[in-house]
Amino acid sequence: MTNEQFSIEFKHVVKKFGDTTVLNDVDFGIIKNKITTVLGFSGAGKTTLMKHILGLTMPTSGDVEVLGTCINKIGELELREFRRNFGMVFQYAALFDFLTSFENVAFPLREFTKMTEAEIKEKVMGLLESVGISKEAAARLPSELSGGMRKRVGLARGLALDPHIMLYDEPTSGLDPITTHMVYDLMRETHYSNVHHGFTSVIISHDIHATLKYSDYVVFMENGQVVEHLDVESFKKSENPVIRRFLEL
Amino acid sequence: MKVLVQRRIEDLGTNVTNLLLGLGDFTNFTMKTIFWTFKPPYRWKLLFEQIYFIGNKSIFIIFLTSSFTGAVFAFQIYVGMKVINADSFIGPIVTIALAKELAPVLSGLVVAGRCGAAMAAQIGSMKVTEQIDALEVMGINSYQYLAVPRILGATLSLPLLSAIFLLIGYGGAWLIGTKVILIDEVIFSSLISDFMDLGMVAEGIIKATVFGYLIGIIGTYQGFNVTGGAEGVGKGTNMAVVWGMITVLVVDFFLTSFLTKIL
């Protein structure tokens, strides 16, 4: 596989916190315009991996290249600019609790674009509609929304600046099975409706069943190392005993 | 016995190390907030919101505290001064005490309790629910967005609140002095101008400005350092109030020593 095919590349990344090695020589690439899920047990290093992609944590050694930019070698202000390439859906949505759903989605547009209020309104309502949020719900505060609705508003907020990489951190934790599949359907729909302008989705999860159903590629982590990086079909056939154990759950 | 002494020394060493680490962390936080204060974009709307919250919304409690402080202080001074037949000095004594000490310190304690706690709770709950991470991921500096407006808001609001405290406290003392103790209104007021000067008012305003800054920085620092869930937010809020109040009282001592020399 050539480097041009990757939107995110980890090059021999090691991350240590004191004496603890959280990422141990991580070396792989996330393929452009595909849905990749990072799987692994708790403490495998998934969240630290995601923080490296966002430049929220820097590697102890090695490089992290995102969309051709080595993000551990650029300055803080440049990195902040660069982060506009990312959209992110947090585990519990992380909506600003002092803003309504509408204002949450409008927030990045007001911060980073010169759009007029009318243009912002049109774009926000369009985004909220695309994730199935009604006008009434748009006027509500996050505390007045259900868990599934919050995730959908979080997704709309993540998409507001037309990002090239969408990150999902345990997007369905705390949701019932039906809402879980609704959220995954929405994520997949979102991915394929944006893929024409270059759109890579990275999901951090430990939901094996949803991963196999909705992802194109799977990265399996254990003890800070990438054990396997395969397409879903090959992953299902993996002979690795740890993965077999995971698959049989 | 030897083991016990060794353990005590180890504990002391750990405490000193933690204290130094904490101080380093606090200094680092302070430097970051100073850096981001001067970096655009300047968030005027957020600043005015904080001035409204810290200033406007504190006026009622400042009104209550100051009016009763002025009135009670006038009474107490009267009891003492009556003995030496100097009760007409109530006006200047109360006003000087209010201007130099009571207005900035009590306003500071009120704001530390009311707003320092709110700052820590708001930022702390945003931290535990990943809202601060969400800001950072969007490329917004959380210190600039959350800490700077609160610190500046407190720094600008507290001198104003202190001035209001002084005026209302004086009103309370005047009411008791002239309507209850029955000191002549002209004597009550004219003696103030004989004993007071602008330096005394300036001392109070400078103190209030410093207290405002310290309350802001302590409240926001505690908020950013919240860990865990609701319990962590509660602990952070508590620390913001306790450290805010202690700092106001301790710094007041040093500021008084310094300002009386230069003003």
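The values are calculated or read from the model by the stated rules, or taken from the named source; none is laboratory data. Worth saying up front: this structure is predicted, and the values here are computed from it rather than measured. Because the Cβ atoms are built from the backbone with ideal geometry, glycine has one as well, and the counts that use them run over all protein chains shown.
Considering only the stretch B:225-244, state which residues are under 18 Å from B:Ala154 (Cα atoms) and surrounded by fewer than 18 Cβ atoms within 10 Å (Cβ to Cβ).
B:Val242
Does any residue of the stretch A:54-63 turn out to be surrounded by fewer than 17 Cβ atoms within 10 Å (Cβ to Cβ) and within 10 Å of chain B (Cβ to nearest Cβ)? Full working, then the answer.
Our first condition is that a residue be surrounded by fewer than 17 Cβ atoms within 10 Å (Cβ to Cβ); within the stretch A:54-63, this holds for A:56, A:58, A:60-61, A:63.
Imposing the further condition that a residue be within 10 Å of chain B (Cβ to nearest Cβ) reduces the set to A:56.
The answer is yes; a qualifying residue exists.
Are there any helices (runs of 4 or more DSSP H) wholly within the stretch B:1-110 with 3 or more residues that are within 30 Å of B:Ile140 (Cβ to Cβ), and if so which?
B:2-37, B:44-54
Regarding the stretch A:80-97, can at least one residue be identified that is away from every other protein chain (no Cβ under 13 Å) and either at pLDDT below 95 or in a loop (DSSP other than H, G, I, E, B) (or both)? Taking every residue of the stretch A:80-97 in turn, none turns out to be away from every other protein chain (no Cβ under 13 Å) and either at pLDDT below 95 or in a loop (DSSP other than H, G, I, E, B) (or both). The residue of the stretch A:65-79 that is farthest from A:Ala138 (Cα to Cα), among those that are away from chain B (no Cβ under 12 Å) and in a helix (DSSP H, G or I), is A:Lys73.
Could you tell me whether A:Ala137 is exposed (fewer than 15 other Cβ atoms within 10 Å of the Cβ), more than 14 Å from chain B (Cβ to nearest Cβ) and either in a helix (DSSP H, G or I) or out of contact with any helix residue (DSSP H, G or I) (no Cβ under 8 Å at 6 or more places or on another chain) (or both)?
Values: exposed (fewer than 15 other Cβ atoms within 10 Å of the Cβ): no; more than 14 Å from chain B (Cβ to nearest Cβ): yes; either in a helix (DSSP H, G or I) or out of contact with any helix residue (DSSP H, G or I) (no Cβ under 8 Å at 6 or more places or on another chain) (or both): yes.
Spelling it out, it is not the case that A:Ala137 is exposed (fewer than 15 other Cβ atoms within 10 Å of the Cβ), more than 14 Å from chain B (Cβ to nearest Cβ) and either in a helix (DSSP H, G or I) or out of contact with any helix residue (DSSP H, G or I) (no Cβ under 8 Å at 6 or more places or on another chain) (or both).
Within the stretch A:98-111, how many residues turn out to be of a type outside the set (Phe, Trp, Tyr), more than 8 Å from chain B (Cβ to nearest Cβ) and in a helix (DSSP H, G or I)? Let's see the steps before the verdict.
Restricting attention to the stretch A:98-111, the residues satisfying the condition of being of a type outside the set (Phe, Trp, Tyr) are A:99-101, A:103-106, A:108-111.
Within this subset, residues satisfying the condition of being more than 8 Å from chain B (Cβ to nearest Cβ) are A:99-101, A:103-106, A:109-110.
Subsequent filtering for residues that are in a helix (DSSP H, G or I) retains A:101, A:103-106, A:109-110.
Number satisfying all stated conditions: 7.
Here are some residues: A:Gly62, A:Gly43. Which one is assigned to a loop (DSSP other than H, G, I, E, B) and either more than 16 Å from the chain's Cα centre (by Cα) or at pLDDT below 95 (or both)? Talk me through it step by step, then tell me what you get.
Working: A:Gly62 fails: assigned to a loop (DSSP other than H, G, I, E, B).
Within the list A:Gly62, A:Gly43, the selection yields A:Gly43.
Put simply, of A:Thr48, A:Thr60, A:Thr100, A:Thr37 the only residue that is closer than 29 Å to A:Gly126 by Cα and in contact with a strand residue (DSSP E or B) (Cβ under 6 Å, 6 or more places away or on another chain) is A:Thr37.
Against the condition of a type in the set (A, V, I, L, M), in contact (Cβ under 8 Å) with a residue 60 or more places away in the chain and either away from chain B (no Cβ under 14 Å) or more than 22 Å from B:Asn141 (Cα to Cα) (or both), how does A:Leu39 come out, does it pass?
On the way: of a type in the set (A, V, I, L, M): yes; in contact (Cβ under 8 Å) with a residue 60 or more places away in the chain: yes; either away from chain B (no Cβ under 14 Å) or more than 22 Å from B:Asn141 (Cα to Cα) (or both): yes.
Taking the combined requirement at face value, the residue satisfies it.
For the stretch B:107-134: of the residues being facing chain A (nearest Cβ under 9 Å) and of a type in the set (A, V, I, L, M), which is farthest from A:Leu167 (Cα to Cα)? Give the steps one after another, and end with the answer.
Looking only at the stretch B:107-134, we keep the residues that are facing chain A (nearest Cβ under 9 Å), and these are B:122, B:125-126, B:129-134.
The next check asks that each one be of a type in the set (A, V, I, L, M); those that pass are B:126, B:132, B:134.
Working: B:Met126: 20, B:Ile132: 16, B:Ala134: 12 Å.
Applying the filter and picking the extreme gives B:Met126.
Checking the condition part of a strand (DSSP E or B), surrounded by fewer than 22 Cβ atoms within 10 Å (Cβ to Cβ) and more than 14 Å from chain B (Cβ to nearest Cβ), which residue from A:Asn33, A:Asn24 passes? Selected residue: A:Asn24, the only one of A:Asn33, A:Asn24 that is part of a strand (DSSP E or B), surrounded by fewer than 22 Cβ atoms within 10 Å (Cβ to Cβ) and more than 14 Å from chain B (Cβ to nearest Cβ).
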